[in-house]
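What follows is a short report on a single structure.
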Amino acid sequence: MLIKKGIKGKNMRAFKKILKTALRSILRNRMRSMLTALGIIIGVSAVIIMVAIGRGSAQKIQNDINSLGTNLITVSPGAARSGGVSQGSGSINRFTFRDVEKIKKEAVFIKGVSPVVRVAVQVIGDGKNWSTSIYGVSTDYFNIRKWEVENGGELFTERDVIANKKVALIGKTVADNLFPSGSAVGKQIRIRNSPFKVIGVLKSKGQGGMMDQDDIILAPSTTVFYRLKGGEFIDMINVSAISEDKVDNAQKEIEVLMRESHRLGQTEENDFSIRTQAEMLETISSVTAVVTLLLASIAGVSLLVGGIGIMNIMLVSVTERTREIGIRMSVGARGSDILIQFLTEAAVLSISAGIIGILLSVSVIVFINSLTTLSASMSVDIVLIAFLFSGAIGIFFGFYPARKAAAMNPIDALRYE
Amino acid sequence: MKNIIETKQLKKEYRLGNVIVHALRGIDLTIKEGEFAAIMGASGSGKSTLMNLLGCLDQSTSGEYFLDGCLVNRMSRNEYARIRNEKIGFVFQGFNLLSRTSIVENVELPLVYDHSERIKDSQAAAVEALSHVGLGDRLDHEPNQLSGGQQQRVAIARALVNNPAMILADEPTGNLDSKTSVDVMALFQQLNDQGITIILVTHEPDIALYAKRIVEMKDGLIICDMKIKNRKNAKDDLKALNNAEVSSVVEIVERNDAHKKRY
């Protein structure tokens, strides 16, 4: 035990000595070391910043999607086939209120279901006009899409839907454009010559991808369907599952119910498509992951170039210190001692560059988040990976020069001028 | 007295293109403990090659070499490094100290690579070795702050620190002026009096005469090996040199005064 401790102490001292020598020789050529480190600093911070921006954007998009409701299932008209030729999504539309009723009555895995009747309209209010979309929905829709009203307003009720009431909830954007000063609640707006009463302003959801989610008017489905839309069919059905892990069950259930409702035979294909929020998320995350990887690998190239810089400077250093290597060998340094000495030097150089790179990237990310519309998210794992990677680069690119030093012949090294 | 060095028909050949150069043609040399031997010879005589072989910096082509009782032919690089570390203290012509490194650390260097655990406190050992050569008061100095003679003393301290079987000095006075050379030789004589075996490689007969034995080489062979009967004493020579210096200064002043009086 005592002996073991002694050896450990000796090794520790030897390691300290190696570290001290490494630091000394790095600091001896301050300018050179700094320029060499710069390659790694830029590489490490580029990788971290790129990944942070990639992840930040992915998170932002995911948050936007989640704000639509995580249990959301969208049933939309499917593609019609005539003679085996698909005519594209939405080419047939046979959705009716009966489909909605059937799902509402018979499905067990769903919490809410709402028809969506969408009409693009010009809305007039308070002497101004605004072009937007009006969505005819049921009361379940508020829960499915997480809509709430601002103080002073209220949502429309089941009775408003049954009675085809001409009431409307307007989005923030619409409210700002029609009633820039003062409250919109209680005011009248005209849509295609029908007067609607504004009973509430919807709480803002912000930008969703490319779309302004607040540029919207919600009204009872029946009102929109019978007074504005015309025709036989509704546009879409929105459903929310009872919980996130029951989304798949709900999806299957809806499929069966819809096939029944549309009287499709065994061999007929669905004339509708069902998409869940999870699927959309998956698609988008896979896209952002690819983009992040692409950015990170471009940044990784600069890290590689930095590593080559380290190799270059270590080769110079080995040549410069040939005599020192000879002295060390003459007093009994083995090849491995010399190897470790130079490897440590390369590793110290690149790891300290890595730490500076991490600090630099942190400040750049803070800057990005506070001064630009981009969002960057820093994560511990990528910092750790960048740190370990910079150390690994030092060792990898330091190995060749170090081995060259270790393989020197002491006589030649001592004689080197 | 045991043999520190014993070589039998030690040969070394180099290949230069298609020509084989016979640097050593068969050296039989025995050096006992406590000896102070000077190896002499013109350049090209093979003395540097012999010194490299004796110092375990190079391998012989054939023959046997016993160092401190062990056969040290055909060993691996690492074993050679261990032997250099434990058995040999080198002193070079160009001092070969690490620049911008304190002299204590310079002297400690062999102990950094010592895996035998013989010496526990390497710094104390280095300080002791430096005191031994008269530099105990300059531990924190760096080599470039010292004179040539002092630097060579540091190198000698480094050679001593591991308690080697012998000190191998390769032209130790080559870069020094004559007075400092005598000073360094005085130190070698003092160490030898304390029982340390010293092998000195030099081409200066004046310096070789401070040793106890001269081995002369020519064309890769030993042509002369003899004891020195009237060995020079470096300490006395140093005193004489100092006196000569003082008297010459007095002389200069007197001459100057005489010159002034005339006008």
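The values are calculated or read from the model by the stated rules, or taken from the named source; none is laboratory data. All of these numbers come straight from a predicted model, not from anything done at the bench. Note that each Cβ is placed from the backbone with ideal geometry, even for glycine, and that neighbours are counted across all protein chains shown.
Cβ-Cβ under 9 Å, sequence separation 6+ or interchain: first residue in the range A:333-362 and more than 20 Å from A:I26 (Cα to Cα) and within 14 Å of another protein chain (Cβ to nearest Cβ), partner of a type in the set (G, A, S) and outside any helix (DSSP H, G or I). Which pairs? Close Cβ pairs satisfying both conditions: A:G335/A:A407. If you go through the range B:49-105 and keep only what is of a type in the set (S, T, Y), facing chain A (nearest Cβ under 10 Å) and either within 30 Å of B:G136 (Cα to Cα) or crowded, with 17+ Cβ neighbours inside 10 Å (or both), you end up with B:T49, B:Y80, B:S99, B:T101. For the range A:365-417, residues that are modelled with pLDDT under 90 and over 29 Å from A:G54 (Cα atoms) total 3.
Residue pairs whose Cβ atoms lie under 6 Å apart, sitting 6 or more positions apart in sequence or on different chains, and linking a residue in the range A:151-163 that is more than 20 Å from A:Y226 (Cβ to Cβ) and modelled with pLDDT under 85 to a partner that is of a type in the set (G, A, S) and surrounded by fewer than 18 Cβ atoms within 10 Å (Cβ to Cβ), do not occur here. Considering the range A:304-417, the qualifying helices (runs of 4 or more DSSP H), each wholly inside and each with 1 or more residues that are closer than 14 Å to A:A37 by Cβ, in the same structural domain as A:L27 (by TED's automatic domain parsing) and in contact with a helix residue (DSSP H, G or I) (Cβ under 7 Å, 6 or more places away or on another chain), run over A:335-371, A:380-406. Kindly indicate whether B:I156 is surrounded by 20 or more Cβ atoms within 10 Å (Cβ to Cβ) and under 13 Å from the mean Cα position of the chain (by Cα). It is true that B:I156 is surrounded by 20 or more Cβ atoms within 10 Å (Cβ to Cβ) and under 13 Å from the mean Cα position of the chain (by Cα).
Which of (1) over 19 Å from B:R84 (Cα atoms); (2) within 14 Å of another protein chain (Cβ to nearest Cβ) is the odd one out, the single condition A:A405 does not satisfy? A:A405 satisfies every listed condition except (1). Among the residues of the range B:233-263, those identified as touching a helix residue (DSSP H, G or I) at 6+ places or on another chain (Cβ under 9 Å) and either farther than 26 Å from B:L191 by Cα or in contact (Cβ under 8 Å) with a residue 24 or more places away in the chain (or both) are B:N233, B:A234, B:K235, B:D237, B:L238, B:L241, B:E245. Picking from residues in the range B:117-129 that are away from chain A (no Cβ under 11 Å) and among the charged types (D, E, K, R), the one that is farthest from B:V154 (Cα to Cα) is B:R118.
For the range A:136-160, filtering for residues that are of a type outside the set (A, V, I, L, M, F, W, C) and assigned to a strand (DSSP E or B) leaves 1.
Quick grid of which residues meet (1) surrounded by fewer than 19 Cβ atoms within 10 Å (Cβ to Cβ); (2) under 30 Å from A:I53 (Cβ atoms):
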| residue | (1), (2) |
| --- | --- |
| A:N238 | no, no |
| A:S243 | yes, no |
| A:Q251 | no, no |
| A:R259 | yes, no |
| A:G265 | yes, no |
| A:N270 | yes, no |
| A:R275 | yes, yes |
| A:M280 | yes, yes |
| A:S285 | yes, yes |
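The residues of the range A:161-208 that are part of a strand (DSSP E or B) and surrounded by fewer than 16 Cβ atoms within 10 Å (Cβ to Cβ), listed by number, are A:Q188, A:R190, A:S194, A:P195, A:K197, A:Q207, A:G208. Of the strands (runs of 3 or more DSSP E) lying entirely inside the range B:3-50, those carrying at least 3 residues that are under 13 Å from B:E64 (Cα atoms) are B:3-16, B:19-32.
Going by what's in this entry, would B:R15 be described as within 28 Å of B:E204 (Cβ to Cβ) and not assigned by TED's automatic domain parsing to the domain that holds B:E86? So B:R15 does not fit the description; no. The residue of the range B:213-232 that is nearest to B:I39 (Cα to Cα), among those that are of a type in the set (D, E, K, R) and either in contact (Cβ under 8 Å) with a residue 60 or more places away in the chain or assigned to a strand (DSSP E or B) (or both), is B:E216.
Inspection of the range A:379-397 finds a residue satisfying the criterion of being in contact with an Asp or Glu (Cβ under 9 Å, 6 or more places away or on another chain) and of a type outside the set (S, T, Y).
From the list B:D183, B:D114, B:D170, the lone residue that is charged (D, E, K, R), within 12 Å of chain A (Cβ to nearest Cβ) and farther than 30 Å from A:R13 by Cβ is B:D170.
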